[in-house]
Amino acid sequence: MSSLSPIWTWMRHEWQLELRQKAGIQGAILYVLVSLVVAYQAVGEIQESEVWVGLLWIILLFSIVNSSSRSFASDSPGRKILLYFWLQPGQLILARMFYQMAFNLVSGCLGFAVFCLLMGLPGGHLPVLLVLVAVGSSAAAALGTFMAAVASVSGNGPGLSAILGLPLMVPTLMAAAKGSLFALQGGVSQAWMYAGMLLLLNLLAVALGYLLFPYLWRE
Amino acid sequence: MKTYLKITAVAAMFWVIPMAFLGEVSVQPILHETIRNLYWHVTMWFSMFILLLASVVHGIAYLRHNNPIRDEKSLALTQVALLYGCIGIVTGMIWARFTWDTFWTKDPQLNGAAITILAYLAYMVLRASIPDARKRAEISAVYGIFAFVLMVVLIVVLPRMQDVDSLHPGKGGNPGFGNYKDLKNDMRLVFYPAILAWTLVGFWLANLSFRIQHLTRISHAQS
């Protein structure tokens, strides 16, 4: 990696493309909102912390799968050639991973806020819950982005990236759910430990993606 | 595969199989002699991880040298590991039925095992979806490395860093097998050779499977 600035440029570029196309970002937000409303209609306000945590992370999981699987799907052949010459493969995967991580971190926190509004918050320590939502969403988004890259290079649509990504995202989010359960039931120090582990998982996923992506991106 | 390894595997099997059924084991109230499953169930997971590790090593070697033989070996090892994983789940379910009175419970290790199998089934789906052999080898090697490293962290390391309430021995306040003072060493004398035996048989199976697939590929290329 020669410098960080192309990564930043491409992240901004990605954001501009997203704003211009609108459908992607609106779709992602609508996806979270609709699943929240459906869950609210089905369950209503929740008292038991197990159900609360489970529902929260299922909603977040599918919103992350939905948005991260798009990250390599909309590249036209022309744009692929542009990316191929403009960026080194490591820079491209870092830019896309960071973009998806940031996007899902924000949309996860927004989803969490709406979730609390609708379902209520059964006690618990709010800062650590928020940190868990942030690091959990971004770790799962990093995994999902890499799987989207694998699916795209293999010539398959975003459907395959969900099949590939879910087995890795599920244990990640189960750890986040376990941490959230601790946060609700008063085990704040254990919850912080889970947040730390998820942060390390973020780093590991980014590092592996950076090391392995160049082998995918050579043709 | 070297002949002396095959001889070792057969010799170890001749020791392990009779001893697993007939050898003296620690007999506990209620559980009776269910601990015999230790030689079948636990060893499957050990062997599976060793086979997967070998498969990842071949995957890394493929990415470095682009030798298609490496990819075929990696595939064969993963297939055998997947078979071992399924046997491990089935033997574990039978064991769970007699010790915990249910075939499946919400146990972190059970879920970890199920998710590992799902990840490698996804690997098979990925392979099946790519028609070009070179591309298939490259992409599946990358996925294999990525998935293996994260699986080790998520399923092996993470549950051990915290107080997981697992029903498995040695966790969540349950006594480990080390607590069975009687016959502890006798059981080790069967358990460790059993790991060796199953692992070697796994490599042997993978080797045979690789050779069949390799010959099929060559004959297809010639015809």
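The values are calculated or read from the model by the stated rules, or taken from the named source; none is laboratory data. Worth saying up front: this structure is predicted, and the values here are computed from it rather than measured. Quick reminder, even Gly has a Cβ in these numbers, built from the backbone with ideal geometry, and neighbours come from all protein chains shown. Note: accessible area is taken over every heavy atom of the protein model, side chains too, but ligands, DNA and RNA are not part of it. Shrake-Rupley method; radii C 1.70, N 1.55, O 1.52, S 1.80 Å.
Computed on chain B, with alpha-carbon pairs under 8 angstrom and 6+ residues apart, the relative contact order is 36 percent. Using the empirical formula 2.2 N^0.38 Å as the baseline, the Cα radius of gyration of region B:10-59 reaches a ratio of 1.51. What do you get for trypsin sites (Lys or Arg not before Pro) in region B:104-158 restricted to DSSP loop and a cutoff of at most 11 other Cβ within 10 Å of the site's Cβ? Passing both the DSSP loop test and the Cβ count: B:106. The order of the peptides A:28-35, A:207-214, A:172-179 by mean Cβ neighbours within 10 Å, most packed first, is A:172-179, A:207-214, A:28-35. Phi-derived couplings, Karplus 6.51 cos²θ - 1.76 cosθ + 1.60 at θ = phi - 60°, listed residue by residue for region A:199-207: 5, 4, 5, 3, 4, 5, 5, 5, 5 Hz, with x used for Gly and Pro. Note on chain A: Rg/Rh from Cα positions, Kirkwood definition for Rh, rounded to two decimals, is 0.99.
In order along region B:40-48, phi translates into HN-Hα couplings of 9, 6, 5, 5, 4, 5, 4, 4, 4 Hz, rounded to whole numbers, per the Karplus curve 6.51 cos²θ - 1.76 cosθ + 1.60 with θ = phi - 60° and x for Gly and Pro.
The residues neighbouring residue B:140, those whose beta-carbon lies less than 14 Å from its own, together hold a net charge of +2 under the Lys/Arg +1, Asp/Glu -1 convention. To the nearest 10 degrees, how steeply does helix B:184-222 sit against the main Cα axis of chain B, on a 0 to 90 scale? The angle comes out near 20 degrees. Taking the C-alpha atoms only, the angle from helix B:108-128 to the longest principal axis of chain B is near 10 degrees.
For peptide A:162-175, how many partner chain Cβ atoms fall within 10 Å of a residue's Cβ, on average? Per residue, the number of nearby Cβ atoms from other chains is 6 on average. Of the GluC sites (Glu not before Pro) found in region A:32-130, those that fall in a DSSP loop while having at most 13 other beta-carbon atoms within 10 Å are A:45, A:48. Placing B:132, B:107 in order of accessible area, with the largest value first and a 1.4 Å probe, yields B:132, B:107. Angle of helix B:68-99 to the longest C-alpha principal axis of chain B, folded into 0 to 90 degrees and rounded to 10: 20°. Here the dipole of region A:65-219 is about 120 debye; that uses its Cα centre as origin and unit charges on the Cβ of Lys and Arg (positive) and Asp and Glu (negative). Annotation for region B:76-148: chymotrypsin sites (Phe, Trp or Tyr not before Pro) lying in DSSP loop with at most 14 further Cβ atoms inside 10 Å of their Cβ are B:100, B:103, B:104. Averaged over the residues of peptide B:136-146, the number of Cβ atoms from other protein chains lying within 10 Å of each residue's Cβ is 5. Note on the protein assembly as shown: Kirkwood radius taken over Cα pairs, Stokes-Einstein applied at 37 °C and 0.692 mPa s, translational D equal to 138 µm² s⁻¹.
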